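Undergrad: Let me begin by handing over the structure; questions about it come next.
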Amino acid sequence: MLDFFANPARFEALSRTLSPWLLASWAILFVIALPIALVFSPADYQQGDTVRLMYIHVPAAWMATIAYTFIAVMSVMAFIWRHPIADALARAAAPVGLAMTGLALVSGAFWGKPTWGAWWVWDARLTSVLVLFFIYLAYLAIWDTISDPARAAKFARVTALLGFVNIPIIKFSVDWWNSLHQPASLVRAGGPTIDGSMLTPLLMMIAGYTLFFAWAVCAGAEAQIIEARARRRSARAPRRILKVDGTARTEQAEGEDG
Amino acid sequence: MFVLDSRDPNTTPLSLAVNIVLRDGRVAIRSGGGWFNALFFFAIFSMFTAFALGPGREQLAAAAPALLWLGSALALNLAGVELFANDMKDGSLRVISAENSSLGGYIAGKFTSLFLMAAAPIALVAPIFLVVFGIEPALAFKGAAVFIAGLPALCLGAGVAAALTAGMGANGLLGACLSAPATIPVLIFGVGAIQNVVQLGSAVDGSEFLILIALDLIYLVILPPFAIIALRYGLE
């Protein structure tokens, strides 16, 4: 299975077939789930309509951590098996994860103002998610500052794994410290504590976000494979060199083997 | 007892580590006070925060544990910037890695020298810091003892970030970002542990103090391999 997709062309073919389906199912799910979540689902008896922020906030926060976990798993695969697609997948996941972390932070601020009375509090959950935001930035910065992609991939892997320390901290921050943020109510021992009328649209939204993530990762990795091929081709292509006397000659460049 | 020349083919990881610490010590002393950098930064930081917070004793005493950790975390990150970068630049790391099958001894020596050259001077002035910030002297010594327990974790976090940035040839700003996940738990539990001692007057124990020591041990196991990998990548 791992070996099968180690061929970039094979992965690209799979991604090309899969991407439209992922995108379409995301769109269909959102068209159904958004009205249910934002209009038809019941308002909370305490929070009123503010509770509808949950359908934006919780899936975003979920995706933020899942995307990072995905990056870490891909980095392990790249590290151990030198899997050529794993780095591309990890890199493709990072911008989505960054955006989701940003969305979770901003929607959380809008939710915090009416319920806690403050846009932002420096408690463990919020702070650890803010750290995640900066780790995403650092991870992306490595890809952008090191010009050689193979070298950038190496340091990106190490950084991704180092930053993974933060993920359990985020997950358990509401249990380890006194926090304004509520404890886990979805993924917990003993089942979810949310009523079915709210749970169903929430799970639909989470599924929608996840499908979007899957599409974005496939498309991003595909783009990188195409880019790498273009780089190889331009390195191999014959170059026209203008000599001092004004005449041009064509020369076969000594590019890397493709 | 130890071979003072790392080019000796018989160098063991331990003697390499000792050589590195001795060399870094000599460089720090001869370079006109390299060992003083972190401590000096810490002193300036304390002075600035004292000015910023105003002279109110209770206010300063309440902030003292947090400021102690904050100042030392920043100072260690600053000291870490130079930890591997010079060896990377002048080629000595390449020589060392060519003659040793593992960089374990080198990393052990480097982390030790960061602890001795940057963290230990701050640890020595920690009781004075706490006293001038309005903590009773008897409690200040207990607080400083708790502080020392968390310093290895801070050094390891700053050190591994330094190895990554040195390997990449990136600047120190990225290093501060990379050490954040390792630093934040130390800050949270470290401040709690010192507050327990100096404000509640309890003995030097409790869960926060134990978690601080647990962080030392966890980082000691997890982080050095990352530093070694990052330096090896940097040499490729």
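The values are calculated or read from the model by the stated rules, or taken from the named source; none is laboratory data. Predicted model only: the values in this text are computed from it and were never measured. Note that we place each Cβ from the backbone using ideal geometry, even for glycine, and neighbour counts take in every protein chain shown. The protein model used for the area step is the full one, side chains on, heavy atoms only, and it has no ligands, DNA or RNA in it. Shrake-Rupley method; radii C 1.70, N 1.55, O 1.52, S 1.80 Å.
Undergrad: Please find, among A:ALA156, A:ALA141, the residue that is open to solvent by less than 60 Å² (accessible area, probe 1.4 Å), within 9 Å of another protein chain (Cβ to nearest Cβ) and of a type outside the set (Lys, Arg).
TA: Criteria check complete, one pass: A:ALA141.
Undergrad: A further question follows. Counting only residues that are in contact (Cβ under 8 Å) with a residue 24 or more places away in the chain and more than 30 Å from B:ARG232 (Cα to Cα), give me the helices (runs of 4 or more DSSP H) lying completely in segment B:29-117 with at least 1 of them.
TA: Here the list reads B:37-53, B:57-90.
Undergrad: Any residue that is within 14 Å of chain B (Cβ to nearest Cβ) and aromatic (Phe, Trp, Tyr) - is there at least one of those in segment A:102-114?
TA: no
Undergrad: Let me ask you something else. Checking the structure you have, find out if any residue of segment A:124-138 is modelled with pLDDT of 90 or more, under 14 Å from A:ALA78 (Cβ atoms) and either open to solvent by 20 Å² or more (accessible area, probe 1.4 Å) or of a type outside the set (Lys, Arg) (or both).
TA: So far as segment A:124-138 goes, no, none of its residues is modelled with pLDDT of 90 or more, under 14 Å from A:ALA78 (Cβ atoms) and either open to solvent by 20 Å² or more (accessible area, probe 1.4 Å) or of a type outside the set (Lys, Arg) (or both).
Undergrad: For segment A:102-119, give me each residue that is open to solvent by 40 Å² or more (accessible area, probe 1.4 Å), touching a Ser or Thr at 6+ places or on another chain (Cβ under 8 Å) and not β-branched (Val, Ile, Thr).
TA: A:PRO114
Undergrad: Taking segment B:127-158 on its own, how many of its residues are among the small types (Gly, Ala, Ser) and open to solvent by 10 Å² or more (accessible area, probe 1.4 Å)?
TA: 4
Undergrad: Which one of B:LEU124, B:LEU60, B:LEU39, B:LEU93 is open to solvent by 60 Å² or more (accessible area, probe 1.4 Å) and touching a Leu at 6+ places or on another chain (Cβ under 9 Å)?
TA: Checking each option against the conditions leaves just B:LEU124.
Undergrad: When you go through (1) within 14 Å of chain A (Cβ to nearest Cβ); (2) open to solvent by less than 40 Å² (accessible area, probe 1.4 Å) one by one for B:ASN196, which number turns out not to apply?
TA: Single failed check for B:ASN196: (1).
Undergrad: Moving on to the next point. Hey, among B:VAL191, B:VAL204, B:VAL221, which residue is in contact with a Phe, Trp or Tyr (Cβ under 7 Å, 6 or more places away or on another chain), open to solvent by 20 Å² or more (accessible area, probe 1.4 Å) and either modelled with pLDDT under 85 or more than 9 Å from chain A (Cβ to nearest Cβ) (or both)?
TA: Residue meeting the stated conditions: B:VAL191.
Undergrad: Shifting gears a bit: Just the residues that are part of a helix (DSSP H, G or I) and surrounded by fewer than 24 Cβ atoms within 10 Å (Cβ to Cβ), please, taken from segment B:166-179.
TA: B:GLY172, B:LEU173, B:LEU174, B:ALA176, B:CYS177
Undergrad: Go through segment A:127-138 and give me each residue that's among the β-branched types (Val, Ile, Thr) and facing another protein chain (nearest Cβ under 10 Å).
TA: Hits for segment A:127-138 are A:THR127, A:VAL131, A:ILE135.
Undergrad: Among the numbered criteria (1) farther than 23 Å from A:ILE142 by Cβ; (2) at pLDDT below 90; (3) not hydrophobic (A, V, I, L, M, F, W, C), which single criterion is violated by B:GLY150?
TA: Against the list (1) farther than 23 Å from A:ILE142 by Cβ; (2) at pLDDT below 90; (3) not hydrophobic (A, V, I, L, M, F, W, C), B:GLY150 comes up short only on (2).
Undergrad: Which condition number does B:ILE184 fail, the rest of (1) in a helix (DSSP H, G or I); (2) touching a residue at least 24 places away in the same chain (Cβ under 8 Å) being met?
TA: (2)
Undergrad: Kindly indicate whether A:PHE5 is open to solvent by 20 Å² or more (accessible area, probe 1.4 Å) and modelled with pLDDT under 85.
TA: yes
Undergrad: Here is a check on your reading of the model: is B:ALA163 within 30 Å of B:LEU103 (Cβ to Cβ), open to solvent by 30 Å² or more (accessible area, probe 1.4 Å) and either within 14 Å of chain A (Cβ to nearest Cβ) or part of a loop (DSSP other than H, G, I, E, B) (or both)?
TA: Taking the combined requirement at face value, the residue does not satisfy it.
Undergrad: Return the only residue of A:LEU29, A:LEU53 being in contact with a helix residue (DSSP H, G or I) (Cβ under 8 Å, 6 or more places away or on another chain), closer than 30 Å to A:ASN166 by Cα, open to solvent by less than 60 Å² (accessible area, probe 1.4 Å) and not in a loop (DSSP other than H, G, I, E, B).
TA: None of the other options fit; the residue is A:LEU53.
Undergrad: So, one more: Is it fair to say A:ALA99 is within 22 Å of A:SER173 (Cα to Cα), at pLDDT 95 or above and surrounded by fewer than 18 Cβ atoms within 10 Å (Cβ to Cβ)?
TA: Judged against the criteria, A:ALA99 is a match.
Undergrad: So which residues in segment A:32-48 are out of contact with any helix residue (DSSP H, G or I) (no Cβ under 7 Å at 6 or more places or on another chain) and under 16 Å from A:ASP195 (Cα atoms)?
TA: A:PHE40, A:TYR45, A:GLN46, A:GLY48
Undergrad: Considering only residues of segment A:75-96 that are touching a residue at least 60 places away in the same chain (Cβ under 8 Å) and closer than 21 Å to A:VAL131 by Cα, which is surrounded by the most Cβ atoms within 10 Å (Cβ to Cβ)?
TA: A:ALA90
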